[in-house]
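**Student:** Submitted below is the structure of interest, expressed as structure tokens.
No value in this document is a laboratory result; all are computed from the given coordinates. Computed from a prediction, not measured in an experiment: that's the story for all the values here. When we count neighbours, we look across all protein chains shown, and the Cβ atoms used for this are built from the backbone with ideal geometry, even at glycine.
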Amino acid sequence: MIRAVLRRLSRHKRHRGLPHTVTWSAPLALGERVRIWAPKSLRVGNNVHIGSDVRIEVDGTIGDHVLIANGSAIVGRRDHDMRVVGTPITATPWVGNTAALSDETTIGSDVWIGFGAVVLSGVTVGDSAVIAAGAVVTRDVEANSIVAGNPAIVVGRRFDESALLEHWTALRNAGVRLAGGSEEATNRG
């Protein structure tokens with residue numbers, strides 16, 4: 001019991017810079033100069049590795065076994081109204097909580113976000129997806145997809161269907177929490 005308490009205290013000490021709106025599971029590996037902020041709530045799963053110079057400023061969920069490479073960002077898209085005629089951008093009103101945008105951003109389990117990629121808020125990145133270096137994700141990414149470009153588009157699949165079912169079964173058997181669609185696909189196989 002004492003060992004568990006000490007482990008919990010050391011975890012909080014290592015990540016004391018995280019705001020109270022962010023919860024995480026161990027282990028969580030953070031690179032240097034990582035900035036994580038959630039207006040309401042962000043849950044970070046097990047065995048997540050976040051590289052240096054990463055910015056995360058959203059509400060939502062980051063799944064288990066996720067790699068977020070250096071220089072990447074998962075950030076909001078609610079900013080200033082850039083279409084106000086005759087007003088400098090610095091003086092335009094903040095757009096705020098527009099109903100058309102989702103409040104939650106979901107990064108599935110077993111996801112790799114490449115160097116310098118940007119994921120905008122309100123999207124869902126499915127399990128086992130790969131986001132290429134420098135990609136800008138503006139809409140949902142299906143599970144098992146590889147996306148690249150600005151805006152990001154599907155350029156391939158990580159696994160063929162039979163390998164994907166085998167992969168997800170192995171992950172599930174190892175205790176990795178997959179999103180609902182991944183669970184259903186695994187059960188079909």
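**Student:** I'd like the trypsin sites (Lys or Arg not before Pro) in the stretch 15-50 restricted to DSSP loop residues with at most 14 other Cβ atoms within 10 Å, sorted by number.
**Tutor:** Arg16, Arg33, Lys40
**Student:** A follow-up question, please. Using modelled amide H (1.01 Å from N, peptide plane; none on Pro or chain starts), what sits under 5 Å from the amide H of Val48, excluding residues fewer than 5 places away?
**Tutor:** Close amide H contacts, sequence-distant or interchain: Ala29, His65, Val66.
**Student:** When Val176, Val84 are ordered from fewest to most other Cβ atoms inside 10 Å of their Cβ, what list results?
**Tutor:** Least crowded to most crowded, the residues run Val84, Val176.
**Student:** Something else now. Using alpha-carbon positions, what is the distance between the centroids of the stretch 115-159 and the stretch 41-78, in Å?
**Tutor:** Taking the Cα centre of the stretch 41-78 as reference, the centre of the stretch 115-159 is 14 Å away.
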